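Participant: My structure is below; once you've seen it, I'll send some questions.
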Amino acid sequence: MSEPLIQIEPLSSPRGGCQGKNINYHEGTFCHPASAADVQQLGLPYSPATGSPEFDWELPPDWEEIILRGMKERLEKYRSFRLFMDSCVRCGVCMDKCPIYIGSSNPKNTPVLRGELMRAVYRYYFAPGGRHFPGITRGKPLRKETLRQWFYYFYQCTECRRCAVYCPVGIDTAEITMIGRELLGLVGIHAGSVMKPAANSWRTGNSLGKNPDEIRQALDSAADELEQITGVRVEVPVDRKGAEILFLTPSADLFCKPHRYTLLGYLALFHQIGLDYTFSTIAAEGSNPGLYSSHELAQRLGAPIYEEARRLGVQWILGGEGGHMWRTIHQYLLTMNGPAGFLRTPESALTGTRFEHASAAGALHICEFSADLLHHGKLPLDASRNHRWTVTYHDSCHPARSMGMLEEPRTILRHAAERFVEMPVNTIRENTLCCGAGGGLDAEENFEYRMRCGYPRAMAVKTVKEESGVNLLACICATDKVSLPVLLDYWVGDVAVAGVHELLGNALVLRGEKLRTTDLRGQPLR
């Protein structure tokens with residue numbers, strides 16, 4: 001007998017509507033504060049929290065001064081922050097584009113009103129006449145209740161940036177969320193779902209907290225699995241100096257499912273083309289949980305990538321299927337941890353293609369690399385090995401909206417699968433919907449929130465399941481691969497989740513392989 005599903009009931013709007021001061025706390029819809037051990041390991045301020053769900057933090061005596069000084073510094077440092085504080089016209093276009101609002105019906109969980117929590121403080125302290133005419137400027141003084149609301153709502157924003165696609169004045173609410181979390185961190189308020197992987201990354205170089213021996217063992221066992229399936233023994237280089245390429249991927253690819261099947265696809269691909277590469281046990285994490293806490297922490301956790309590339313003497317970096325990993329690499333890594341002049345422009349030895357757009361950071365996405373190989377006819381594929389799957393594709397938020405990674409995954413899927421179906425046009429590409437767990441919010445305690453936020457994506461999958469028989473959702477994000485199986489089990493049923501390179505690995509005909517009877521999951525091909 002299957003386990004009964006948790007029942008999710010309709011939520012009412014907060015008391016007082018969108019202008020109310022109170023929060024409708026509801027178990028399963030908010031993150032818990034971080035532990036002292038995780039925060040202190042990172043050397044960050046920590047304020048103990050008492051009471052639940054209406055947390056009361058033991059704040060430093062000068063907490064108001066700390067927050068306002070931090071806000072002033074960021075207004076001066078980040079031109080976009082001041083622009084976003086001044087330019088919102090409260091038109092509401094973003095409201096029904098936000099998957100959190102669609103799932104919760106809470107008007108404060110909309111980009112415009114979540115931003116207003118910050119703008120009210122900005123207008124009171126930093127806008128002309130703010131303190132003297134708060135009724136006109138709509139400014140509000142900083143109170144402890146303000147921090148409660150910031151914690152509750154800024155840690156319910158997944159930073160998916162869908163609102164930014166539709167905003168007529170170009171406001172990116174994810175940037176406001178990032179600043180809000182950063183200001184909370186200055187007075188010791190953090191979410192456990194962000195601080196735990198961040199502390200692991202700081203201690204071990206990966207968000208799962210695995211040591212170098214465990215990294216090596218995971219890669220060795222992956223080679224064993226691949227040999228059992230294909231009959232081909234692949235070598236997995238680790239910490240090899242002088243390799244051309246450092247391969248960087250989320251640590252979940254080594255230890256979690258369905259991520260691990262994607263890892264097997266990588267290994268098969270690299271063996272087939274004779275790629276000169278290495279893994280690293282030091283830079284063993286492509287993801288950067290610091291991005292969901294502060295710019296400073298993101299910089300610290302991103303530092304090992306270039307440091308290890310330099311130590312190993314590689315020429316460029318190839319990155320695996322990651323979500324915010326690629327927002328960090330594409331938009332922040334070079335500024336925070338560069339320059340990367342010791343790396344050269346990524347270039348495919350098989351096709352001769354120079355990926356000039358990746359020259360600054362010296363890092364290339366594996367979907368771009370593999371799509372180029374397919375374009376030049378360099379990979380022998382048997383798409384019938386994915387015959388049991390009717391595939392659709394979920395555009396992971398960060399690769400799609402932050403770097404325009406739209407066509408390359410589809411190119412791979414159309415080559416590797418016999419049947420590929422798109423979801424409704426307003427739910428894909430730049431308009432893609434969130435998995436419900438981005439922004440560092442993939443936590444057990446906010447299960448109901450994640451199911452609500454992911455509901456719009458689940459309904460898009462349900463549409464193509466009913467209309468076209470879709471039974472597999474492909475994606476290129478580690479968080480998606482964790483959250484989407486749970487989401488689809490709850491709302492849809494009988495739809496699996498896979499990485500794009502798992503399907504490519506299934507279809508890839510390796511030199512010297514035995515007669516294949518199973519796919520990379522060990523399931524019969526027919």
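Computed from the coordinates by the stated procedures, all read-outs in this text should not be read as laboratory data. If you're wondering where the values come from, they're calculated on a predicted model, not measured in any experiment. Note: ideal-geometry Cβ built from the backbone for every residue, glycine included; neighbour counts use all protein chains shown.
Participant: Please list the non-local residues whose amide H lies under 5 Å from the amide H of Ala191, H modeled 1.01 Å from N, same-chain partners needing a gap of 5 or more.
Facilitator: Ala34
Participant: From the phi of every residue in region 125-137, what ³J(HN,Hα) in whole Hz does the Karplus formula 6.51 cos²θ - 1.76 cosθ + 1.60 yield, where θ is phi - 60° and glycine or proline is x?
Facilitator: Ordered by residue, 3J(HN,Hα) equals 9, 10, 8, x, x, x, 6, 7, 10, x, x, 7, 7 Hz.
Participant: Roughly how many Å is it from the Cα centre of region 174-252 to that of region 378-455, as a whole number?
Facilitator: Taking the Cα centre of region 378-455 as reference, the centre of region 174-252 is 21 Å away.
Participant: Can I ask one more? What is the local net charge at Lys462, summed over the other residues whose Cβ is closer than 13 Å to its Cβ (Lys, Arg +1; Asp, Glu -1)? All intermediate terms of the calculation are to be shown ahead of the outcome.
Facilitator: Values: positive: Arg457, Lys465; negative: Glu466, Glu467, Asp489, Asp494.
With Lys, Arg at +1 and Asp, Glu at -1, the net is -2.
Participant: What length, rounded to one decimal in nm, is gained on full extension from Lys72 through to Thr517, with 0.36 nm per residue of separation minus their alpha-carbon distance?
Facilitator: Values: separation 445, 0.36 × 445 = 160.20 nm, distance 6.27 nm.
Working it through step by step, the gained length comes to 153.9 nm.
Participant: Let me check against my output: what whole-number percent is the relative contact order of region 199-507, with C-alpha pairs under 8 Å and at least 6 apart?
Facilitator: Once divided by the residue count of region 199-507, the mean separation gives 18 percent.
Participant: In addition: Can you tell me the dipole magnitude for the chain around its Cα centre, using point charges on the Cβ only (Lys, Arg +1; Asp, Glu -1), in Debye to the nearest 20?
Facilitator: Values: 57 positive and 59 negative charges, 248 e Å.
It comes to approximately 1200 debye.
Participant: Another question, if that's okay. Between Gln41 and Leu525, what is 0.36 nm times their sequence separation minus the Cα-Cα distance? Round to one decimal in nm.
Facilitator: Values: separation 484, 0.36 × 484 = 174.24 nm, distance 4.73 nm.
Extra length available between Gln41 and Leu525 comes to 169.5 nm.
Participant: Tell me the angle of helix 212-230 to the major Cα principal axis of the chain, expressed in degrees between 0 and 90 and rounded to the nearest ten.
Facilitator: 50
Participant: Tell me the Kirkwood radius of region 171-214: reciprocal of the mean inverse pair distance over distinct alpha-carbon atoms, in Å. If you can, show how the numbers build up before the last one.
Facilitator: On the way: mean 1/r = 0.0838 Å⁻¹.
After inverting the mean inverse Cα-Cα distance, the result is 11.9 Å.
Participant: Would you work out if region 449-495 is rounded, prolate or oblate? Take a ≥ b ≥ c from the square roots of the eigenvalues of the alpha-carbon gyration tensor; rounded if a/c is under 1.5, else prolate when a/b is larger than b/c, oblate otherwise. Before the final figure, lay out the partial values.
Facilitator: On the way: a/c = 1.96, a/b = 1.31, b/c = 1.50.
Oblate.
Participant: Under a plain spin-label model, where a point goes 7 Å from the Cα along Cα-to-Cβ, how far apart in nm are Met403 and Glu418?
Facilitator: With each label point 7 Å from Cα toward Cβ, the separation is 3.3 nm.
Participant: If amide hydrogens are placed 1.01 Å from N in the peptide plane, which non-local residues have theirs closer than 5 Å to the one on Thr29?
Facilitator: Tyr449
Participant: I'd like the FRET efficiency for Arg233 and Ser384, computed as 1/(1 + (r/R0)^6) with the beta carbon distance as r and R0 of 22 Å, rounded to 0.05.
Facilitator: 0.30
Participant: From the square roots a ≥ b ≥ c of the eigenvalues of the alpha-carbon gyration tensor of region 371-526, which class results: rounded (a/c under 1.5), prolate (a/b over b/c), or oblate?
Facilitator: On the way: a/c = 1.89, a/b = 1.58, b/c = 1.20.
Prolate, since a/c reaches 1.5 and a/b exceeds b/c.
Participant: Okay, moving on. Using only the alpha-carbon atoms, what does region 369-456 span along each of its principal axes? Please give whole angstrom values in decreasing order.
Facilitator: Largest first, region 369-456 extends 46, 30, 25 Å along its Cα principal axes.
Participant: Continuing with this model, one more query. Ordered by residue, what ³J(HN,Hα) values in Hz, to whole numbers, does region 314-326 give under the Karplus form 6.51 cos²θ - 1.76 cosθ + 1.60, where θ = phi - 60° and Gly and Pro are x?
Facilitator: 6, 9, 7, 10, 10, x, x, 7, x, x, 5, 3, 7
Participant: Measure off 7 Å from each Cα along the Cα-to-Cβ vector at Val509 and Glu356, then give the distance between these two points in nanometres to one decimal.
Facilitator: Distance between label points: 3.6 nm.
Participant: Over the chain, what is the relative contact order in whole percent, taking alpha-carbon pairs under 8 Å and six or more residues apart?
Facilitator: Numbers: 1009 pairs, mean separation 87.6, N = 526.
Rounded, it is 17 percent for the chain.
Participant: If you don't mind, another one. Given H placed 1.01 Å from N in the peptide plane, which residues other than close sequence neighbours of Ala474 have an amide H under 5 Å from its amide H?
Facilitator: Thr392, Tyr393, His394, Ala498
Participant: While we're on this one: Sort largest first and round to whole Å: the equivalent ellipsoid semi-axes of region 199-507, each the square root of five times a Cα gyration tensor eigenvalue. Don't jump to the answer; show the numbers that get you there.
Facilitator: Numbers: eigenvalues 158, 107, 68 Å².
One finds semi-axes of 28, 23, 18 Å for region 199-507.
Participant: Moving to a separate point now. Based on the Cβ-Cβ distance of Thr50 and Lys257, what FRET efficiency does E = 1/(1 + (r/R0)^6) give at R0 = 41 Å, to the nearest 0.05?
Facilitator: Values: r = 38 Å, r/R0 = 0.92.
That gives a FRET efficiency of 0.60.
Participant: Which of Tyr277, His190, Met71 sits closest to the plus end of the dipole of the chain, meaning its Cα is farthest towards the positive end, when Lys and Arg get +1 and Asp and Glu get -1 on the C-beta?
Facilitator: Looking along the dipole axis, the top candidate is Met71.
Participant: Over what distance in Å are the Cα centres of region 459-526 and region 124-147 separated?
Facilitator: 51
Participant: Moving on. Please compute the contact order of region 383-463 in relative form: average sequence separation of alpha-carbon pairs under 8 Å and at least six residues apart, divided by the residue count, as a percent.
Facilitator: Values: 89 pairs, mean separation 25.3, N = 81.
Relative CO of region 383-463 lands at 31 percent.
Participant: Tally Lys and Arg at +1 and Asp and Glu at -1 over the other residues with C-beta under 14 Å from the C-beta of Ser359: what net charge comes out? Provide the component values of the computation, followed by the final result.
Facilitator: Numbers: positive: Arg344, Arg354; negative: Glu347, Glu356, Glu368.
Taking every other residue near Ser359 into account, the sum is -1.
Participant: Continuing with this model, one more query. For region 57-114, just say rounded, prolate or oblate: build the C-alpha gyration tensor, square-root its eigenvalues into a ≥ b ≥ c, call rounded for a/c under 1.5, and beyond that prolate if a/b exceeds b/c, oblate if not. Display every interim value, and only then the final one.
Facilitator: Values: a/c = 3.66, a/b = 1.54, b/c = 2.37.
Judged from the Cα gyration tensor, region 57-114 comes out oblate (a/c at least 1.5, b/c at or above a/b).
Participant: Pairs Lys196/Lys481; Lys378/Lys514; Lys108/Lys465; Lys257/Lys462; Lys465/Lys514: which exceed 26 Å Cα-Cα? Write out the running numbers ahead of the final one.
Facilitator: Numbers: Lys196/Lys481 19 Å; Lys378/Lys514 21 Å; Lys108/Lys465 33 Å; Lys257/Lys462 22 Å; Lys465/Lys514 34 Å.
Over 26 Å apart, Cα to Cα: Lys108/Lys465; Lys465/Lys514.
Participant: Moving to a separate point now. Among Ala340, Val425, Ala222, flag the residue with its Cα farthest along the positive direction of the charge dipole of region 199-507, charges on Cβ as +1 for Lys/Arg and -1 for Asp/Glu.
Facilitator: Looking along the dipole axis, the top candidate is Ala340.
Participant: What FRET efficiency comes out for Glu466 versus Arg138 if R0 is 41 angstrom and r is the Cβ-Cβ distance? Round to the nearest 0.05. Don't skip to the end; give the middle numbers.
Facilitator: Details: r = 46 Å, r/R0 = 1.12.
Approximately 0.35, to the nearest 0.05.
Participant: Could you give each residue of region 177-192 its phi-based ³J(HN,Hα) in whole Hz, using Karplus coefficients 6.51, -1.76, 1.60 with θ = phi - 60°, and x for Gly or Pro?
Facilitator: Values per residue, Gly and Pro as x: 4, 4, 5, x, 5, 5, 5, 4, x, 5, 10, x, 9, 9, 9, x Hz.
Participant: Sticking with this one: For a quick check: sort Leu515, Leu525, Leu488 by the number of other beta carbons within 10 angstrom, fewest at the front. Can you show the working numbers first?
Facilitator: Details: Leu515 5, Leu525 14, Leu488 22.
Ranked by crowding around the Cβ, least crowded first: Leu515, Leu525, Leu488.
Participant: Work out, in µm²/s and without decimals, the Stokes-Einstein translational diffusion coefficient of the chain at 37 °C, 0.692 mPa s, Rh from Kirkwood over C-alpha pairs. Don't jump to the answer; show the numbers that get you there.
Facilitator: On the way: Rh = 23.9 Å.
Estimated via Stokes-Einstein, D reaches 137 µm²/s.
Participant: Each label point is 7 Å from the Cα along the Cα-to-Cβ direction; what then is the distance between the points at Cys91 and Arg203, in nm?
Facilitator: Result: 4.8 nm between the two label points.
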